[in-house]
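Working notes for the structure below.
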Amino acid sequence: MESKLIILRGNSGSGKTTIAKSLQEHFGRGTLVVSQDTVRRDMLKVQDREGNLSIDLIRQIAEYGKGNCEFVIVEGILYSKRYGDMLKDLIQFYNQKACTYYFDLPFEETVKRHNSREKVNEFGEDSLRRWWNLQDYLEVEGETLITKDMSHNDILNLILGQC
């Protein structure tokens with residue numbers, strides 16, 4: 001089986017998880033979604049610091065998907081300083097069969113989106129501001145920017161057209 005890697009990155013509240021779930025629904029059974037929040041916060045309960053255990057586990061889970069799943073979606077804030085080398089290694093591991101997206105939205109838009117989701121009571125604008133990282137591009141060939149003017153369907157159609 002030829003597997004395709006899809007990487008969705010960006011600030012908290014930008015819509016990455018929503019798009020990942022929609023892609024999984026579209027692609028169907030056997031589509032592997034590797035969520036940074038799930039691995040780091042739920043599975044390992046580690047802080048998002050340099051060298052944290054989730055970096056290697058995300059890589060291992062995503063590597064498992066190659067040859068076992070047609071689509072592997074890795075999504076999260078995935079700061080380039082901490083996760084960049086691992087993500088670039090994954091792109092190589094998938095023989096460049098990867099589509100990479102960065103949700104490049106203004107801070108105000110991420111706050112607006114955050115306030116409309118269930119996690120609104122888990123953390124607020126102060127946390128979003130503390131985690132904010134402007135234009136944290138991975139700087140890999142073909143990295144595509146997702147902007148605030150793109151609707152959910154625009155983003156899905158873009159990704160489906162490229163991957």
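Here the peptides 111-117, 123-129, 78-84 are ranked by packing, the mean other Cβ count within 10 Å, and the order with the highest first is 78-84, 111-117, 123-129.
To the nearest 500 deg cm²/dmol, what mean residue ellipticity at 222 nm is calculated for the chain from DSSP H runs of n ≥ 4 alone, each contributing -39,500 (n - 2.57), summed and divided by the residues? Walk me through the numbers on the way to the answer.
Values: 6 runs with 65 residues, N = 163.
Calculated from helices alone, the mean residue ellipticity at 222 nm is -12000 deg cm²/dmol.
Absence of a disulfide-compatible partner, taken as no other cysteine beta carbon within less than 4.7 angstrom, is noted in the chain for C69. Cβ-to-Cβ counts within 10 Å put I6, I91 in ascending order as I91, I6, the fewest first.
Quick check on the exposure proxy: order L138, L44 from fewest to most C-beta atoms within 10 angstrom.
The order, fewest Cβ neighbours first, is L44, L138.
Is the C-alpha gyration tensor of region 120-163 telling us rounded, prolate or oblate? Criteria: a/c under 1.5 is rounded; beyond that, a/b larger than b/c is prolate, otherwise oblate. It comes out oblate by the Cα gyration axes. Sorted ascending by nearby beta carbons within 10 Å, beginning with the fewest, K45, K148, K66 become K45, K148, K66.
Counted residue by residue at 0.36 nm each, then reduced by the alpha carbon distance between them, the extension gain from E143 to E122 reaches 4.5 nm.
Rounded, prolate or oblate: which fits region 37-163, taking a ≥ b ≥ c as square roots of the Cα gyration tensor eigenvalues, rounded meaning a/c under 1.5, else prolate when a/b beats b/c?
Taking the square roots of the gyration eigenvalues as a ≥ b ≥ c, region 37-163 is oblate.
Between R129 and L158, the FRET efficiency estimated from the beta carbon spacing at R0 = 30 angstrom works out to 0.60. For the chain, the residue among V140, P106, S35 whose Cα projects farthest onto the positive side of the dipole built from Cβ charges is S35.
Taken together, the values in this text are just the output of simple stated rules run on the coordinates, not laboratory data. Just so it is clear, the model here is predicted, and its values are computed rather than measured. As a convention, Cβ positions derive from the backbone with ideal geometry for all residues, glycine included, and neighbour counts pool all protein chains shown.
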